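The values are calculated or read from the model by the stated rules, or taken from the named source; none is laboratory data. This is a predicted model, so every value here is computed, not measured. Quick reminder, even Gly has a Cβ in these numbers, built from the backbone with ideal geometry, and neighbours come from all protein chains shown.
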Amino acid sequence: MNWQSPHLEPLSSPEFAAGSPDPAQVDPLVLGALLHRHGWLRRGGAAGRYGRWTPPAPYATGSGGTSLLVPESRAFPDCVDLLEEALTALSRSALPSAREVLYGLSVPSDEIRWDREIPRGAYGLQGEADWTVQEQLRSAARQLLLAGALADRARAGYYGARHRGQAERALDGVLVGPAPGGRRLTAYVPVDGGRGTVIRLHHALHAAREAVDYQRATGGMEAFDAAVEAGVSRELAEALISLVHGSEGARVALAWAPAAGVPAGCAARPEPVEFSPGDLPVLREAAARYTRDEPAVPVRVAGAVVRMRRSAPGGGGTVRLRVLAGAEIPYVRVVLDEESYRVAGHAHLVGLPIRVSGSLQRRGGFRRLTDAADVRPVPLDEVERDRLMKSLDESLDAGDVLPSDD
C-alpha cells in the first residue's frame, strides 16, 4: 500500500512552512465554515455561544477523543481562549483535515478538488495503487491550473509559449494536499494573487461542459468558439483529456475561501463539473480545432540575439532571440535574409538587442516569427548594455530552448 503523509505539499516548490494562525485574528465563523467543509460534525453546544465539533466520520472513532469548542462569534467572553485551545488541538492532530483547516486559516485560499474513478487492477488491487496513476492525476491537475492562469492573462484558443512564464509563476504559491492513491487531490490557491486563476477556471470548466454537451447533442462544434471567451482553450481541453484518460470518469469541484467571500459573477457553492470517457473524442476534436484555427499574430519584438546559424558563409540564416519586449514568449526563432542577418550579427557582437517585425506563427507553439522585416539594432547606453549582457549570462539556459525550434 502507498501511504502518504497528511501534510500539504507545494505544487512547484519543495519547501513550505505555514505559520500558526493567531487566535486573536481568527474569525470564529470562518473556522466553523472550514471545519464543516472538511467533514467535521457539529454535535451541539450552547446555542448562540459555542458549538462542539468532532472529526469526520471515518476518524471519529479512535481519534483520541478530539473535539473542539468553537465560539459562534467574537462577542463570546472566552472567545480567544477557546480559539487558542481549538487551534492547538488542530495543530497536534494527525488528521489530514486538521492540517487543511489550519492552512485555510493561515492563508485564505480557494480550494479545487479532483476526483477520478479508477478501474480495478489486474491483481484485484485498485488501480490507484499504481504510481503512474497518481502522477497522472497530479500532472492533469497542474495542467488545469495552468490553463486557468493562462486564461486569466489573455483569451486564446491556443497559447503555445505565449504568457506561459507568467502563468507558471502565478502557480508558485499553490499547495496540494495528497491523499492515498490516485483517486483524489486537493489544491489550495491563495486568494492573494491566485483568485483570478480560480475564477477563470470555474467559468472555463462549465463552458467546456456545455460545449461538449452541445456537440454530443447536435454534432456541431460552434459552442467551442464562444467558449474561448470563458477561458476554454487547447490547453484546457488537453488537461481534461489527461484527467479523464484511463479512468471511468472525473469530477472537479471548487470552494471559495470563507474569509474572502464569493467573487462577483460566481455561484456561492459551484456545482462540481464531471467528464467521462465518452467526452474524450469531443475534447480531442476541440483541441485540434483550437490549434488549427488560432490565427498568426502580427508583432514587433525587441530581443537579444542568443544564437545564430546559417548553412554557408554568405546568404541569410536563422537567429534565436531572447524576447525583451513585444510578445509574451521567452524566445523566438527568426529566419532572416542576408542583410538582416548581417545586422543581427553586428548587433550581437557589440552587445545590442535588435527590433524586428513579423508574424508570430502557431506552428511550433508561437515560437517562430515569419515574414521578418525592418531589422535594426536598439540603441542602449553603456549601463543598459552591461545590465543586458549580465542578465543574459545569468538567465540563459539550454533547457529553455526546445529541440523543435531547430
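Side notes on the structure shown:
- Any hit, segment 287-304, residues being under 28 Å from the mean Cα position of the chain (by Cα), buried (at least 16 other Cβ atoms within 10 Å of the Cβ) and of a type in the set (Ser, Thr, Tyr): yes
- Evaluation of GLU274 against the conditions (1) over 21 Å from the mean Cα position of the chain (by Cα); (2) surrounded by 14 or more Cβ atoms within 10 Å (Cβ to Cβ); (3) not β-branched (Val, Ile, Thr) shows that the sole unmet condition is (1).
- Scan segment 325-342 for residues that are surrounded by fewer than 16 Cβ atoms within 10 Å (Cβ to Cβ) and aliphatic (A, V, I, L, M) and the total you get is 1.
- Among the residues listed as ARG183, ARG162, ARG209, the single one being over 12 Å from the mean Cα position of the chain (by Cα) and closer than 18 Å to SER139 by Cβ: ARG183
- A count restricted to segment 358-388 and to residues that are in contact (Cβ under 8 Å) with a residue 40 or more places away in the chain and surrounded by 16 or more Cβ atoms within 10 Å (Cβ to Cβ) stands at 10.
- For segment 353-385, a residue qualifies if it is of a type in the set (A, V, I, L, M), assigned to a loop (DSSP other than H, G, I, E, B) and closer than 22 Å to GLY316 by Cβ, and exactly one does: VAL378.
- Picking from residues in segment 153-207 that are closer than 21 Å to THR291 by Cβ and of a type in the set (Phe, Trp, Tyr), the one that is surrounded by the fewest Cβ atoms within 10 Å (Cβ to Cβ) is TYR158.
- Any hit, segment 228-243, residues being surrounded by fewer than 18 Cβ atoms within 10 Å (Cβ to Cβ) and of a type in the set (Asp, Glu): yes
- Only listed residue being outside the structural domain of VAL101 (by TED's automatic domain parsing) and in contact with a Ser or Thr (Cβ under 6 Å, 6 or more places away or on another chain), chosen from ALA151, ALA140, ALA167: ALA140
- Some residue of segment 273-288 being modelled with pLDDT of 95 or more, in contact with a strand residue (DSSP E or B) (Cβ under 7 Å, 6 or more places away or on another chain) and of a type outside the set (D, E, K, R): yes
- For segment 265-349, the strands (runs of 3 or more DSSP E) that sit wholly inside it and include 2 or more residues that are closer than 25 Å to TYR158 by Cα and either among the β-branched types (Val, Ile, Thr) or in the same structural domain as GLY365 (by TED's automatic domain parsing) (or both) are 297-309, 317-325, 331-336.
- ARG142 being of a type in the set (Lys, Arg) and more than 9 Å from the chain's Cα centre (by Cα): no
- Condition met for ARG269 (surrounded by 21 or more Cβ atoms within 10 Å (Cβ to Cβ) and of a type in the set (Lys, Arg)): no
- Residue-level analysis places ALA86 outside the set of residues that are crowded, with 16+ Cβ neighbours inside 10 Å, of a type in the set (Gly, Ala, Ser), modelled with pLDDT of 70 or more and under 22 Å from ALA253 (Cβ atoms).
- Any hit, segment 177-194, residues being under 18 Å from LEU283 (Cα atoms) and in contact with a Lys or Arg (Cβ under 9 Å, 6 or more places away or on another chain): no
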